[in-house]
Amino acid sequence: MTKQTFLRGTLILIVAGFITRILGFINRIVVARFIGEEGVGLYMMAVPTLVLTITITQLGLPVAISKLVAEAEAQGNHRKIKKILIVSLATTGTLSIIFTPAMILLAPYLSTNLFTDPRTYYPLLAIAPVVPIIAISSVLRGYFQGRQNMKPSAISQVIEQVVRISLVAACTKALLPYGIEYAAAGAMLSAVAGELISLLYMVFVFKNKKSFRLRKKFFSYVGEGKQTFNDLMRIAIPTTGSRMIGSIAWFFEPIVVAQSLAIAGVATSLATKQYGELVGFALPLLMLPSFITYSLSTALVPAISEAAAKKNSILIEHRLQQALRLSFVSGGIAVVLLFVFADPIMLFMYGSSKAAIYIKVMAPFFLFYYFQGPLQATLQALDLAKAAMINSFIGALVKTGVIFVLASKPSFGIMGAALGIVIGMMLVTMLHMATIMKVLSYSLYVRDYVKSFITMGICTISGKWMLDHWLLDLTLGKRSLLFIFLTCLLYIALLFLFGLVKREELARVPFLRRWIVK
């Protein structure tokens, strides 16, 4: 099986992440055009139930599989890899058998009582078959990532989105005459089909690349797999705990915000509108670069796990340093662009720049968010998933408390919620870093971070100067696009000038290698 270096594997995931983000955006446009706001509402009501069910079914196994397979690969223990796969498939398969019928049986109660719209029954039914599909595909993704082969995972993500977009128009159009709820169910069915074709691709690649027969002695491996199951659960349960904590905190957040703003004397309709501007307009833009940090995190788990299995602490630190520097570099340009061009970007995308103030306040602090993914991945790779879960729990509590205290004050209002989100995020990142520095002899290269801040400062001043003084005979959108392009060019030039992008790292990028070598 082809094994990629950490940087090459990360690049593959970044490219795939960018493509799937664009395709996902196109998919949302197609769905909205065919079934309208009401249909999208029915569709989105069913999605949180699906996400929660998948989180429980996966049980954090993809990360655990990736880590344990990487360790077994470093030891050359193929029997252990086979046992990890079999026990994982047996676990997710059992959970799928439980939760798929449960979704179908609970659909009437969920649609009528919790969602208060009986029409969500059909989208809930349509999405139920995807649970076992994703359960199996998550195991295979964890396996490939553990073998440090990121191509199957990356290609499968793109295939899933392409199939979904190809079918969504046909499915919704065919079912729309029967009612908007059936059309929403059709959109769900296109998602199921995309996941199924994606899984079939990964099964095909697995069958052609594996070095052992999976079905041979399957049940005997399951019977002998108690220790393997315990090893998986040691990592998986805290990982699931971190995700569950985030999901529960996200569930309570709008409730706390609404109650706090009511105490501050803000009308309910205005509170809903302000919260929508914050979490619907501002936060998605601030989180946009996360596909890069997600890719780094995904590649980091097996890379550090392999180094840890070989007791190579120098390589562990090197990998983490690389990931954090790349997170800073990619996050830095996002912070600059969002801070400087918040008003024109929001005006162009949503026809209103009201939410721009939240972006300007929160953007500088989101550098901590871009660091959080690689730090959490490192904790998981070092068997410190429990510590990561505790850190997430502390951050969620503090965030909720700060939101309640600040948002209930008329002088802060909804801005108190924005500050609460930022404070909770920063706290989790700092706790992750403190935990890592306790177990690793981690060196903080202050000079590189100073250079990065200088680069960001120069680009911020230059971008703002262009926006304020270069009154070209162009529309605001075209002017902003030109200035964003020039700011990016300046940022890249300063990265090379200050040596923040290494020559040897660029040489590992396939299409740049021949130019760098010359």
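The values are calculated or read from the model by the stated rules, or taken from the named source; none is laboratory data. Bear in mind the structure is a predicted one, so any value in this text is a computation, not a measurement. Positions of Cβ are generated from backbone atoms using ideal geometry, with glycine treated the same way; all protein chains shown enter the neighbour counts. Calculation scope for accessible area: heavy atoms of the full protein, side chains included, ligands and nucleic acids excluded. Shrake-Rupley method; radii C 1.70, N 1.55, O 1.52, S 1.80 Å.
For Ala135, state whether it is part of a helix (DSSP H, G or I) and surrounded by fewer than 24 Cβ atoms within 10 Å (Cβ to Cβ). No; evaluated as a whole, the condition is false for this residue. With respect to (1) of a type in the set (A, V, I, L, M); (2) touching a helix residue (DSSP H, G or I) at 6+ places or on another chain (Cβ under 7 Å); (3) modelled with pLDDT of 80 or more, the lone exception for Val63 is condition (3).
Restricting region 444-489 to residues that are in contact (Cβ under 8 Å) with a residue 60 or more places away in the chain and open to solvent by 50 Å² or more (accessible area, probe 1.4 Å), the residue that is nearest to Ala342 (Cα to Cα) is Lys464. The condition (being open to solvent by 40 Å² or more (accessible area, probe 1.4 Å) and of a type in the set (Val, Ile, Thr)) is satisfied by just one residue among Val340, Val336, Val329, Val361: Val361. Quickly run through region 202-243 and pick out the residues that are under 14 Å from Ser88 (Cα atoms), modelled with pLDDT of 70 or more and charged (D, E, K, R). Passing the criteria: Lys226, Asp231, Arg234. Cβ-Cβ contacts under 7 Å between residues 6 or more apart (or on different chains), taken from a first residue in region 399-412 that is within 14 Å of Ala264 (Cα to Cα) to a second residue that is part of a helix (DSSP H, G or I) and polar (S, T, N, Q), are listed as Ile403/Ser260; Phe404/Ser260; Ala407/Ser260; Ser408/Ser260. Scanning region 156-187 for residues that are closer than 17 Å to Leu124 by Cα, assigned to a helix (DSSP H, G or I), open to solvent by less than 60 Å² (accessible area, probe 1.4 Å) and not hydrophobic (A, V, I, L, M, F, W, C) turns up Thr172, Glu181, Gly186.
Does Phe144 satisfy the condition of being aromatic (Phe, Trp, Tyr), open to solvent by 50 Å² or more (accessible area, probe 1.4 Å) and within 27 Å of the chain's Cα centre (by Cα)? Outline the logic, then answer.
Numbers: aromatic (Phe, Trp, Tyr): yes; open to solvent by 50 Å² or more (accessible area, probe 1.4 Å): no; within 27 Å of the chain's Cα centre (by Cα): yes.
Spelling it out, it is not the case that Phe144 is aromatic (Phe, Trp, Tyr), open to solvent by 50 Å² or more (accessible area, probe 1.4 Å) and within 27 Å of the chain's Cα centre (by Cα).
Just so you know, in region 406-416 the residues that are of a type in the set (A, V, I, L, M, F, W, C) and over 17 Å from Phe281 (Cα atoms) include one that is most open to solvent (accessible area, probe 1.4 Å), and it is Phe412.
For Ala70, indicate whether it is in a helix (DSSP H, G or I), surrounded by fewer than 20 Cβ atoms within 10 Å (Cβ to Cβ), at pLDDT 75 or above and over 20 Å from the mean Cα position of the chain (by Cα). The answer is no for Ala70. Apart from one condition, Thr429 fits all of (1) within 15 Å of Val257 (Cβ to Cβ); (2) in contact with a Gly (Cβ under 9 Å, 6 or more places away or on another chain); (3) surrounded by 21 or more Cβ atoms within 10 Å (Cβ to Cβ); the exception is (1).
Only one of the numbered conditions (1) surrounded by fewer than 24 Cβ atoms within 10 Å (Cβ to Cβ); (2) touching a Lys or Arg at 6+ places or on another chain (Cβ under 8 Å) is not met by Leu419, and that is (2).
Mind telling me which of the residues Lys478, Lys399 ends up being farther than 30 Å from Ile263 by Cα, part of a helix (DSSP H, G or I) and out of contact with any Ser or Thr (no Cβ under 6 Å at 6 or more places or on another chain)? It would help to see each step written out before you state the result.
Values: Lys399 fails: farther than 30 Å from Ile263 by Cα.
Unique residue meeting the criteria: Lys478.
Surrounded by fewer than 23 Cβ atoms within 10 Å (Cβ to Cβ) and at pLDDT 90 or above - does that describe any residue in region 376-386? No: zero hits.
Looking for whichever is farther than 19 Å from Thr293 by Cα, open to solvent by less than 10 Å² (accessible area, probe 1.4 Å) and not hydrophobic (A, V, I, L, M, F, W, C) here; the options are Gly401, Gly351, Gly395. Which one fits? Outline the logic, then answer.
Working: Gly401 fails: open to solvent by less than 10 Å² (accessible area, probe 1.4 Å); Gly351 fails: open to solvent by less than 10 Å² (accessible area, probe 1.4 Å).
Matching residue, one of Gly401, Gly351, Gly395: Gly395.
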